[in-house]
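Enquirer: Before I ask anything, let me first share the structure, which is written out below as structure tokens.
The values are calculated or read from the model by the stated rules, or taken from the named source; none is laboratory data. Fair warning: this is a prediction, and the values are worked out from it, not measured in the lab. Glycine also receives a Cβ, built like all others from the backbone with ideal geometry; neighbour counts cover every protein chain displayed. To get the accessible areas, we keep the full protein, side chains included, count just its heavy atoms, and leave off ligands, DNA and RNA. Shrake-Rupley method; radii C 1.70, N 1.55, O 1.52, S 1.80 Å.
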Amino acid sequence: MGSYVDEENGKESPKSPPNNSKFRYNSPLVQVGLIGLVCFCCPGMFNALSGMGGGGQVDHTAANNANTALYTAFTIFGILGGGIYNILGPQKTLFVGCSTYILYAGSFLYYNHIKHQAFVVVAGGLLGVGAGLLWAAQGAIMTSYPPHDRKGTYISMFWSIFNMGGVIGGLIPFVSNYNRTTAASVNDGTYIGFMVFMAIGTFLSLGILHPSKVVRNDGSTCTNIKYSSVSVELVQILKLFGNWKMLLMVPASWASNFFYTYQFNNVNGVLFNLRTRGLNNVFYWGAQMIGSVFIGAMMDYSFKSRRTRGLVGIAVVGVLSTAIWGGGLAKQLQYSRDDVPDHIVLLDFKDGSKFAGPFVLYFSYGLLDAMFQSMVYWVIGALADDSEILSRYTGFYKGIQSAGGAVAWQVDSHNVPFMNQLIANWALTTISFPLLVALVVLAVKDDDKDEKGATKEVAIPSNRDISTTVDNPSKE
């Protein structure tokens, strides 16, 4: 890393000259905002597509099988994605990852005309590879670029931009299918609209800078490592499976995509008609924006102690989770898989009070999702500050998360009762909270301890890196 001469004391500093402008292109704020826009266009639109239930198809079989292939591949490449990111850098990793989203949306356009699952399932598997790369890169950028005392704020900013994609994406099927109140697959224009946004996001990914070029306001960069090597990454990834910090996160990781199948297919996809599903997703992803801002502020500003902020955040999300899943149980007692589709009249947004209760429940599920995942990302970001380490941590998180998603889609494909799925989701999220509390207590240091000389976890340089990485006792 380059050095500069401090004019006040004439000494050489290993950091870049401080620059207080938050809107520099190489600032953490701009770069996290840009990765938010990339995710707005790609996974944001994917979320809107998935949120309609069955990928917008009447028969959910093709989408369920495609999602199983997706999350199986995602499991592998989510875990490997952090290492691949460290080797290739963000631009190549993100460009390859984003391009697979276009193919996936296109496969459903194909399926609208030719009812063969093969292309959809293969596209789902390829998307799993691409999503693993994208989310490992995104996780590293979102958790390592910001200063450590504002990570919650940056996470909430990213989550808000990203989920605006789901909001806009929800409007696409709502508007294009407004006059179709009976059960039907979405029209071609819906899929084409998704593909256009995904293509824009793919090209935006080329604007993301390598972490060594991103400079915080205090002049520090996000990593000393230019590029890693395959051997270093393989060793470090394998070590994650014996890392007690990662093991404590497994239930939270598994739970955080497991509930999507139930919420999308068996709440939104079962209770509401086509156009109302799209409208519901506008509010589902809009709720995520609200939830992420609320929990981000709480975990950055509520108390002076970083550890206390983490514990309070986990407690708040835990209480909210219990209340929302309890509401879900009350609704689930009113219908079952055996009632579908013969005994359920699909709800429309014009149905007044009949629509209101299930709508609020689905909105609340979106609120909880954002708060739960933002909380987990905050905990991950509190474990280290270096981009190379955090890319592996977030890759591990996304890999385990995707394994849970793969299982969940097959659970639904095998017609497991809705009630059983709800109970499994509730139990998994509840188990996560005490384990996250233990992780925060044992591994998260307070800000004042960092300032007084606590050793931070740093990346191991590869043989290709000519610089030497040392423990950094100073504040970011």
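Enquirer: Residue-wise, which Karplus ³J(HN,Hα) couplings in Hz belong to segment 332-339, taking 6.51 cos²θ - 1.76 cosθ + 1.60, θ = phi - 60°, and x for glycine or proline?
Expert: Calculated HN-Hα couplings, in order: 5, 5, 8, 7, 8, 4, 5, 7 Hz.
Enquirer: Ranked by accessible surface with a 1.4 Å probe, highest first, in what order do His116, His148, His414, His210 come? List each step's numbers first, then the result.
Expert: Values: His116 110, His148 5, His414 130, His210 25 Å².
Largest to smallest exposure gives the sequence His414, His116, His210, His148.
Enquirer: Go through 76-86, 251-261 and give me the packing order, highest mean Cβ count within 10 Å leading. Numbers along the way, then the final one.
Expert: Details: 76-86: 26.5, 251-261: 24.2.
The densest-packed peptide leads the list: 76-86, 251-261.
Enquirer: Could you run the Karplus curve 6.51 cos²θ - 1.76 cosθ + 1.60 with θ = phi - 60° over segment 210-219 and give me ³J(HN,Hα) per residue in whole Hz, x for Gly and Pro?
Expert: 5, x, 5, 9, 8, 10, 6, 5, 8, x
Enquirer: Once ligands and nucleic acids are excluded and a 1.4 Å probe is used, how much of Leu109 is accessible, expressed in Å² to the nearest 10?
Expert: Here the accessible area works out near 40 Å².
Enquirer: Can you list residues whose amide H is under 5 Å from Leu347's amide H, if they're 5+ apart or on another chain and H is modeled 1.01 Å from N?
Expert: Phe272, Asn273
Enquirer: In the calculated pair distance distribution of segment 246-362, what percentage of Cα-Cα distances lie above 17 Å? Don't skip to the answer; put the middle values down first.
Expert: Values: 4434 of 6786 pairs.
So the pairs more than 17 Å apart make up 65 percent of the total in segment 246-362.
Enquirer: Let me ask something else. Would you mind checking which residues have amide H under 5 Å from Cys222's amide H? H placed 1.01 Å from N; only 5 or more apart, or other chain.
Expert: Val214
Enquirer: Taking just the C-alpha trace of segment 26-441, give me its Rg and Dmax in Å.
Expert: Gyration radius and largest Cα-Cα distance of segment 26-441: 20.1, 64 Å.
Enquirer: Right, something else. Along its principal axes, what span do the Cα atoms of segment 309-418 show, with the longest given first and each in whole Å?
Expert: 54, 32, 22
Enquirer: Out of the total accessible area of segment 29-141 (probe 1.4 Å, heavy atoms of protein only), what percent is carbon and sulfur? Walk me through the numbers on the way to the answer.
Expert: Numbers: 2200 of 2940 Å².
Roughly 75 percent, rounded to a whole number.
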